[in-house]
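Engineer: Supplied in structure tokens, the structure appears directly below.
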Amino acid sequence: MFHAKRTLTFMMGAVALCAGAAFADDAAMQKQIDEVRGALPKFAIPMREVGDRFQNMYFAAKDGNWALAAYMSKYMNGAMNPAIVTKPAEYKVWKSFYDDTFTPVNKAIMAKDLKAFDTAYLGVVKDCNNCHQGMGYGFIKVVKLKSPADNGIDYTVKSEPGDVPK
Ligand code: HEC
């Protein structure tokens, strides 16, 4: 009897200890998740890349490097992926911008239609800026550059839009 009671007490203590340890593990895990999330970029860092890729895209299309234009568009969108985790609500606005508003630019790249590209591209600049305005960043006004943001690429290499590896 004495033994049984002691065993029970011991077991209850062990259960309580385990539960405590699990709780501590959960808390430690959550802390790590929060730390990783905190270290991921929000909007400002990816937007730098969006800005540069958007500028580069123009010069690629203009000079007939259609794969480079398609590539710039693909990774302009991909650059925003950390915001899926860090800014989910705002990311939804980006996603609908890229999936809907930006479609005419992507279609023109796929069709290698420079005239349609030019119109769609210049038109979308105001949509970039509308989002800036709407999110309280009206002071960030995108303007089209006279030369690419990145000069370390040959924009005149002739290529097909479908040449970008999947
Ligand atoms: C979903 C809304 C949204 C859309 C669409 C959007 N932006 Fe932004 N952009 C932002 C926000 C918000 C910031 C400010 C970053 C911050 O501090 O959170 C920003 C910042 C920027 C910056 C400054 C980055 C820096 O820190 O130097 C550039 C450049 C930029 N955007 C370019 C563009 C271009 C080009 C487009 C269109 C192709 C575009 N953005 C579309 C929301 C948007």
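Engineer: Using a Gaussian network for the chain with springs between C-alpha atoms less than 10 Å apart, which of these wobbles most: Ile45, Ile84, Ile33?
Structural biologist: So, out of Ile45, Ile84, Ile33, the one fluctuating most is Ile33.
Engineer: For the chain, with a Gaussian network of springs between Cα atoms less than 10 Å apart, report the residue from Val36, Val143, Val125 with the top mean-square fluctuation.
Structural biologist: So, out of Val36, Val143, Val125, the one fluctuating most is Val36.
Engineer: Using square roots of five times the C-alpha gyration tensor eigenvalues, list the equivalent-ellipsoid semi-axes of the chain in whole Å, biggest first.
Structural biologist: 53, 18, 13
Engineer: Hey, what's the chain come to in accessible area per residue, 1.4 Å probe, Å²?
Structural biologist: Ligands and nucleic acids excluded, the figure is 65 Å² per residue.
Engineer: Right, here's the next one. Carbon and sulfur atoms: what percent of the 1.4 Å accessible area of the chain do they account for?
Structural biologist: Answer for the chain: carbon and sulfur cover 64 percent of the accessible area.
Engineer: Where in the chain are the DSSP H helices whose C-alpha atoms run 24 Å or more along the long axis and whose mean Kyte hydropathy is at least -0.5?
Structural biologist: Once both thresholds are applied, what remains is 2-39, 44-62, 114-134.
Engineer: Which is farthest toward the positive dipole end of the chain among His132, Pro165, Thr101, measuring Cα position about the Cα centre, with Cβ charges +1 (Lys, Arg) and -1 (Asp, Glu)?
Structural biologist: After comparing all options, I get His132.
Engineer: Set the Förster distance to 25 Å, then compute FRET efficiency between Ala89 and Val143 from the Cβ-Cβ distance, nearest 0.05.
Structural biologist: Between Ala89 and Val143 the formula returns 0.35.
Engineer: Quick check for me: using +1 on Lys/Arg Cβ and -1 on Asp/Glu Cβ, what's the dipole size of the range 14-158 about its Cα centre, in debye to the nearest 20?
Structural biologist: That gives a dipole near 520 debye.
Engineer: Relative contact order for the chain: what percent, with Cα pairs under 8 Å and sequence separation of 6 or more?
Structural biologist: 30
Engineer: I'd like the accessible area for Trp66: 1.4 Å probe, protein heavy atoms, all chains in place, Å² to the nearest 10.
Structural biologist: Around 20 Å² of this residue is reachable by solvent.
Engineer: In the structure displayed, which of Lys42/Lys166; Lys112/Lys141; Lys92/Lys126 lie more than 22 Å apart, Cα to Cα?
Structural biologist: Cα-Cα > 22 Å for Lys42/Lys166; Lys112/Lys141; rest within.
Engineer: Here's something else I'd like to know. Towards the positive end of the charge dipole of the chain, with charges on Cβ (+1 Lys, Arg; -1 Asp, Glu), say which of Val36, Leu114, Tyr75 has the farthest Cα.
Structural biologist: Selected residue: Val36.
The values are calculated or read from the model by the stated rules, or taken from the named source; none is laboratory data. Keep in mind the model is a prediction, meaning the values are calculated, not measured. Virtual Cβ from ideal backbone geometry, glycine too; neighbours counted across all protein chains shown. The protein model used for the area step is the full one, side chains on, heavy atoms only, and it has no ligands, DNA or RNA in it. Shrake-Rupley method; radii C 1.70, N 1.55, O 1.52, S 1.80 Å.
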